[in-house]
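Novice: Just dropping this structure here.
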């Protein structure tokens, strides 16, 4: 029985951690190049979730195409938000970029509320997402295994791209020292656009599994994954791509431990305990678990 409990705990941590790792990775990709905390990232996820809703409800497209279009919607909103909203202010102060990210977030939220509905909409998912399978006596939804497998594949592909392609090497150089990379001929606009495109791609993937877990989409949906992403990158390290992944799994581990160990009367305070842990990380280890390129630099 103890072995089954441990296996169930491990599956929950790995599935939640995989989802959280993708969320935090999408934030850090943009921060690594632009030094910008993108507060509109949650709305990238929401846009993809709404595309999944409309295509899933009003079309008879195969689920593979629905998921593909949902991911492409995240890519598109990532690219066009950088092109239209962020690029004109990039030569100004970092404060201007932060205000712009807030503005993009609020504008998209209002568009969802006024153009679609302020109420939540049920997002259909394939039947196999909710199928339960048994592993060594532990019953778990198939979607938990799918998110773990998807994350492993995506992380492997991203590692190969970053280590063995010209684009990846250029992005790593830009993230370590943007000014020097720019002086050596690395195209600044291309690197930043690619960072937003990858961030949007990850947002699209997150939207699929987040919608499958919650079963719905609503205008303010992006707030929760954005907050989780911030906590994960604080734990893992805002200046490190591997750190953001580690932070996602650590966050899931701590959250599950608190759920199991806190008495029922204190379960409603779980988020408060999580924030206390984040504050401890900020005080004791502000660079996160993995230090990365921990230095101050602004893209201008």
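Novice: Quick check on residue 279: is it modelled with pLDDT of 90 or more and either surrounded by fewer than 19 Cβ atoms within 10 Å (Cβ to Cβ) or part of a helix (DSSP H, G or I) (or both)?
Specialist: Numbers: modelled with pLDDT of 90 or more: no; either surrounded by fewer than 19 Cβ atoms within 10 Å (Cβ to Cβ) or part of a helix (DSSP H, G or I) (or both): yes.
Spelling it out, it is not the case that residue 279 is modelled with pLDDT of 90 or more and either surrounded by fewer than 19 Cβ atoms within 10 Å (Cβ to Cβ) or part of a helix (DSSP H, G or I) (or both).
Residues checked against (1) buried (at least 16 other Cβ atoms within 10 Å of the Cβ); (2) on the phi < 0 side of the Ramachandran plot; (3) modelled with pLDDT under 85:
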position: 110; (1), (2), (3): no, yes, no
position: 122; (1), (2), (3): no, yes, no
position: 150; (1), (2), (3): yes, yes, no
position: 159; (1), (2), (3): no, yes, no
position: 169; (1), (2), (3): no, yes, yes
position: 181; (1), (2), (3): yes, yes, yes
position: 194; (1), (2), (3): yes, yes, no
position: 200; (1), (2), (3): yes, yes, no
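Novice: If you check 287, 296, which single one turns out to be loosely packed, with under 12 Cβ neighbours inside 10 Å and at pLDDT below 80?
Specialist: Only one candidate qualifies: 296.
Condition check ((1) crowded, with 23+ Cβ neighbours inside 10 Å; (2) part of a helix (DSSP H, G or I); (3) out of contact with any strand residue (DSSP E or B) (no Cβ under 6 Å at 6 or more places or on another chain)) across all residues:
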residue: 208; (1), (2), (3): yes, yes, yes
residue: 213; (1), (2), (3): no, yes, yes
residue: 221; (1), (2), (3): yes, no, yes
residue: 231; (1), (2), (3): yes, yes, yes
residue: 243; (1), (2), (3): yes, yes, yes
residue: 252; (1), (2), (3): no, yes, yes
residue: 255; (1), (2), (3): no, yes, yes
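Novice: On to the next question. So, in the range 257-270, exactly how many residues are in contact (Cβ under 8 Å) with a residue 12 or more places away in the chain and surrounded by fewer than 16 Cβ atoms within 10 Å (Cβ to Cβ)?
Specialist: So the answer is 2.
Residue-by-condition table, conditions (1) part of a helix (DSSP H, G or I); (2) assigned by TED's automatic domain parsing to the domain that holds residue 112; (3) under 15 Å from the mean Cα position of the chain (by Cα):
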position: 3; (1), (2), (3): yes, no, no
position: 8; (1), (2), (3): yes, no, no
position: 37; (1), (2), (3): no, yes, yes
position: 49; (1), (2), (3): yes, yes, yes
position: 57; (1), (2), (3): yes, yes, no
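Novice: Considering only residues that are outside any helix (DSSP H, G or I) and touching a helix residue (DSSP H, G or I) at 6+ places or on another chain (Cβ under 8 Å), which ones fall in the range 67-107? Don't jump to the end; show me each part of the working.
Specialist: Here is the first cut: in the range 67-107, the ones outside any helix (DSSP H, G or I) are 90-93.
Scanning the range 67-107 gives a single hit, 90.
Novice: To continue, here is another question. Collect the residues in the range 118-141 that are touching a residue at least 24 places away in the same chain (Cβ under 8 Å) and either in a loop (DSSP other than H, G, I, E, B) or not assigned by TED's automatic domain parsing to the domain that holds residue 68 (or both), keeping them in residue-number order.
Specialist: Result: 118, 119, 120, 123, 124, 125, 126, 136, 137.
Novice: Continuing with the same structure: Can you tell which of 85, 76 is surrounded by 13 or more Cβ atoms within 10 Å (Cβ to Cβ) and either more than 23 Å from residue 211 (Cα to Cα) or modelled with pLDDT under 90 (or both)?
Specialist: Matching residue, one of 85, 76: 85.
Novice: Another one. Do the conditions hold for residue 112, that is, is it in the same structural domain as residue 197 (by TED's automatic domain parsing), in a helix (DSSP H, G or I) and farther than 14 Å from residue 218 by Cα?
Specialist: Here the answer is no, as residue 112 does not meet what is asked.
The values are calculated or read from the model by the stated rules, or taken from the named source; none is laboratory data. Given the structure is predicted, the values throughout are model-derived calculations rather than measurements. Counting neighbours? That spans all protein chains shown, and the Cβs are built from the backbone with ideal geometry, glycine included.
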